[in-house]
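The values are calculated or read from the model by the stated rules, or taken from the named source; none is laboratory data. Predicted model only: the values in this text are computed from it and were never measured. As a convention, Cβ positions derive from the backbone with ideal geometry for all residues, glycine included, and neighbour counts pool all protein chains shown. In case anyone asks, the SASA skips ligands and DNA or RNA and just uses the protein heavy atoms, side chains included. Shrake-Rupley method; radii C 1.70, N 1.55, O 1.52, S 1.80 Å.
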Amino acid sequence: MRITAEQAALHNLDATKLTSRVIIHPGKNQDGYWTNEHVALQLRDTVVPIFDILHPNCQALFAFDNSSNHGCFAPDALATKNLNVSDGGAKTTNALMRSTTFGDPPQVQNMQVDGTKQKGLKRILQERGLYVEGMHKEQMIAVLDAQPDFSAQKCWLEEICNNAGHLAIFFPKFHCEFNWIERYWGEAKRFARANCDYTFASLQHTVPRALDQVPLSHMRKHALLCFRY
């Protein structure tokens, strides 16, 4: 998806930076590898803004592969897998968990000690009156995961879509026949194989051309076929 300079100007955006495609050079000494953060920032900073410009006052339904990358939580999400039994710990040094509410009437629970250290499972449960002496870590996780605020936690991509007023769905696992983009990849790959000499320099030139040469009419046909599946 691309927008014109005039469309971008109306929203005080840089049209040269607003394309939904991102091409990286993977590798440790290059751009690294494609992570859930890359996907989330691509969606938030380019895909959603472009959609909103091209289709004002409309609601999008974004469909994603059911992959581990797409199903990851935001760094500050209510995810018990990032918590230790006690406060702090190595797993919680990169991002502190967001505040939340629990109980009836709702009570605000800050997830940090002194605003700098992540609370652990034990302290969180104690503050909710749910801790039982002698509980093992697995029991603590099960109890906290069953709480309404934790069980309602959505993945990062769905949060981004919902926060922008849009919807998100995920294709069933292991069923690529439902996802029309696989047919788009196949068409692009066929062009790339026929138009490069398999050197890295040639691929750098050919891959963007391969992605551009698939017409919108083909994409719609691919989508219709997958819908029939």
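Determine the share of the range 81-229's accessible area contributed by carbon and sulfur atoms, expressed in whole percent, with a 1.4 angstrom probe. C and S fraction of accessible area: 56 percent.
Heavy-atom accessible surface of the range 120-196, averaged per residue, reaches 59 Å², computed with a 1.4 Å probe.
Which of GLU37, GLU138, GLU187 moves most in a GNM of the chain, Cα contacts under 10 Å? Highest fluctuation of the listed residues: GLU138.
Each Lys or Arg adds one and each Asp or Glu subtracts one; over the other residues with Cβ under 14 Å from the Cβ of GLY115, this totals 0. Taken one residue at a time, the phi angles of the range 24-37 give Karplus couplings (6.51, -1.76, 1.60, θ = phi - 60°) of 10, 9, x, x, 4, 9, 10, 8, x, 10, 6, 10, 5, 5 Hz. Gly and Pro are set to x. In the set (i) 53, 42, 36; (ii) 55, 48, 35; (iii) 67, 41, 38, the label that goes with Cα extents along the principal axes in Å computed for this structure is (iii). For LYS221, neighbours were defined as the other residues whose beta-carbon sits under 15 Å from its Cβ, and their charges (Lys and Arg +1, Asp and Glu -1) total 0. The simple spin-label model puts a point 7 Å past each Cα toward its Cβ; for SER217 and VAL113 those points are separated by 6.6 nm. For the range 50-59, the Karplus equation 6.51 cos²θ - 1.76 cosθ + 1.60, evaluated at θ = phi - 60°, returns couplings of 5, 4, 5, 6, 6, 10, x, 6, 10, 10 Hz by residue, with Gly and Pro reported as x.
Among residues other than ALA168 with Cβ under 13 Å from its Cβ, the summed charge is -1 (Lys and Arg +1, Asp and Glu -1). Rg then Dmax, both in Å and based on the Cα atoms of the range 110-217: 24.2, 67. Taking every DSSP beta bridge that has both ends in the chain, the antiparallel portion is near 65%.
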